Each structure stands twice: as C-alpha cells, then as structure tokens.
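What follows is calculated from the coordinates using simple rules that are stated; it is not laboratory data. None of these values were measured; they are calculated from a predicted model. Here Cβ is always computed from backbone atoms with ideal geometry, including for glycine, and neighbour counts include all displayed protein chains.
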Amino acid sequence: MDAHAQADVPAGGDPASGDPAGGETLLTIGEFAARARLSPKALRLYDRLGLLTPAYVDASTGYRHYRAAQVEHARTVVLLRRLGMPLADITATVRLDGEGAGLAVAAYWAGVEERHAEQRTLVGYLRGRLSGRGFEMYGKDFEVRTLDVPEQYVISESRHLLSEELPVWIDASTRRLEEAAESECGGMAGSPFVVYHAEVTQDSDGPAEACVPVRDAAAARAWAAKAGRQRGTTSRVEPAHRIAYTRITKAQVSYPQILGAFEAVEAWVAREGLKVAGACREIYFVEWDAAGPEDQVCDVAFPVTTA
C-alpha cells in the first residue's frame, strides 16, 4: 500500500494551486481499495492498462488518488473479473455506453457457455475412450436413421488441412460457395455439406471438400470455369445415394468429440448388415451463427448400400 494511505487529499481548486480535487475530497489508494474491494496492486495494474485511471497522481510522490464516484466503476470491474472476463475485454466493455456494455457482457457469456458445452461433450468422449468402453458409454446418445438423397449438382472447394484448421475453413469456404450459388448459379438447392475424402485429424490432412447444391448446373459449370482452379474450386454431380446419419448439436461438432458420432454411425451400419459406400460427410442444415450450443445443427453421415 502507498505510504500516504492514511489521509484524504483536501478539497480546493486546481493542482497547480495545491488543490487537485477541484473542491472534492479524494480518496487515497488504500481507502479506495477498501471501498472497491480491490487490492492496491490490482489498482496499479488497472491504471497501467487504462482500465481505472486515478483522478489525480501527485507529481512528486507518485501517489494515486481517486474520486468516490469511481468506486462504482471499480466494483463493475470486480464483477466482470468474477465472470472470468479477460482484462482486455473488460477494458473494452467499460468504455461502451450502458446498452453497448450490456450487449458485450451477453456476447462474452454466450461464448463461455458455448465453450463449456463443447467441453462437456469432450469429457464424455474422453471418458469412454480412456476407459476402453467408448461406444458403450457414448454410443447411446446417437440415434441413427437412413435417408435417400436425390442427385444434386454442386459447386465445391477442396483443400488439404488438419483438424485444427477445419472450423475456420468450413465457415469461409461455405460462405464463398453460398454467395456464388445465389449470385451466379441460380440459388441454393439444398444444405451445404463437407465430404472427407480421407482422414482429417491432427496428423492427417484429408482432403476435405466443401459443397453447396445449386439449381442451375449450366451456370455452375460456367462459374467453375471462370473461377478456374483457385482454392480447388470445381462443379460436379453428386449422384443419388442413401445415407445413414445421426443428428448432432453445435457443441458435439467440435473435434475430437465429433468422432463419437462417426463411430456410432459406423457401428450401426455394421449391425444392420449394410456397407459403407462412400466418403463420410457432415451436412449443415441451420445457420451456424444463429444456433446455440445445444441446438441441432449437423448430420454426420455415411453413404450406404446393402452388403
């Protein structure tokens, strides 16, 4: 604690005349820390970050002084810290107006809940995997069905990448393809999907192919010819096929817990005497950004035929 923590700075007029408070009694850092329920060390840190600036700093001693009105601001910082909000985010939040700050807190907490939901699904997957009872423990969470999918004409992008790169790439490539479908290919004719032509893990780089079904095949071919081979862009026919699939939540999409869904479908296919007839895929049927962590967003699927 600063050595001057025993006395207030007297009221007066301006710093040059010995009256730094402008007629208001200032609190020493020790007194302010006690009222705000923050340590003097934390207050010094917040000052350096520009998060909570003293009302007056004595030029000769470096002692910090605060206005009583700053206590509420400091307590808000304390509450935001209890949410686990990083200091950089707190700094940005408290600089917003009331409504903007409220929206920032809501957005931060939505992100926290999404991460926690993902971690819960990961815990279930890891418990099963590490115990050696994987499918027995998490397989019951997946209901597998079949669906006949008609022939579709798709535009697509393909890329070799590792699992940690997938989320950003799927979002970006799907958005590019959806924009092209609407502006140049007669519109979308179905849900976007991602095909894994080989394993995509932390060590294996696929490739993966993002696909968007389109209404106008001729326009799609023209678009693909104009786009050339940039980003592995092409257009093609996706033949009619039957899929075995299970529907999963946004939280379950994250790697590696999504592997539990793929394993559940593969096990069901084997039990039913069917045969996997093509590359596995993820079919995204809702707007990702609008979905909550427990909302169903994706079908994990395998094309199948009778054995």
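Some points to look at:
- Over 25 Å [Cα-Cα, the stretch 141-306], rounded percent: 30
- Extended-chain gain in nm, criterion 0.36 nm per residue less alpha-carbon gap, VAL94 and ARG236: 46.0 nm
- Those residues of the stretch 211-247 whose amide nitrogen sits under 11 Å from the label point placed on ALA279, 7 Å along Cα→Cβ: 211
- Semi-axes of the equivalent ellipsoid for the stretch 222-304, computed as √(5λ) from the eigenvalues of its C-alpha gyration tensor and ordered from largest down, come to 26, 21, 11 Å.
- Taking a ≥ b ≥ c as the square roots of the eigenvalues of the Cα gyration tensor, the stretch 15-94 is prolate, since a/c reaches 1.5 or more and a/b is larger than b/c.
- In straight-distance terms, cross-link reach from LYS226 covers every one of the aspartates and glutamates whose alpha-carbon lies under 12 Å from its own, apart from those fewer than eight places away in the same chain; here that gives GLU184.
- Gyration tensor verdict on the stretch 228-272 (Cα atoms; rounded if a/c is under 1.5, prolate if a/b is larger than b/c, oblate otherwise): oblate
- Across every pair of non-identical alpha carbons in the chain, the mean reciprocal distance, once inverted, gives a Kirkwood radius of 23.8 Å.
- Kyte-Doolittle at least -1.0, axis length at least 24 Å by Cα - qualifying DSSP helices, the chain: 98-131, 166-184
- Residues whose amide H falls under 5 Å from that of VAL149, counting only those 5 or more places apart or on a different chain, are HIS241, ARG242, ILE243, with hydrogens built in the peptide plane.
- At 0.890 mPa s and 25 °C, Stokes D of the stretch 87-179 from Kirkwood alpha-carbon radius, µm² per second: 135
- Adding -39500 (n - 2.57) for every DSSP H run of four residues or longer, then dividing by how many residues the chain holds, sets the calculated 222 nm ellipticity at -12500 deg cm²/dmol.
- Förster-model FRET efficiency, 25 Å R0, GLN119 and VAL78, C-beta, rounded to 0.05: 0.45
- For LYS250, the lysines whose Cα falls under 21 Å of its own Cα, not counting residues fewer than eight places away in the same chain, are LYS140.
- Dipole in debye (nearest 20) - the chain, about Cα centre, beta carbon charges: Lys, Arg +1; Asp, Glu -1: 580
- Computed lengthening from ARG44 to GLU266, 0.36 nm per intervening residue step minus Cα-Cα distance: 74.1 nm
- Only Cα pairs under 8 Å and 6+ residues apart enter the sum, and on that basis the relative contact order of the chain stands at 15 percent.
- GLN202-ARG127 pseudo-label distance in nm [points 7 Å out on the Cα-to-Cβ vector]: 2.2
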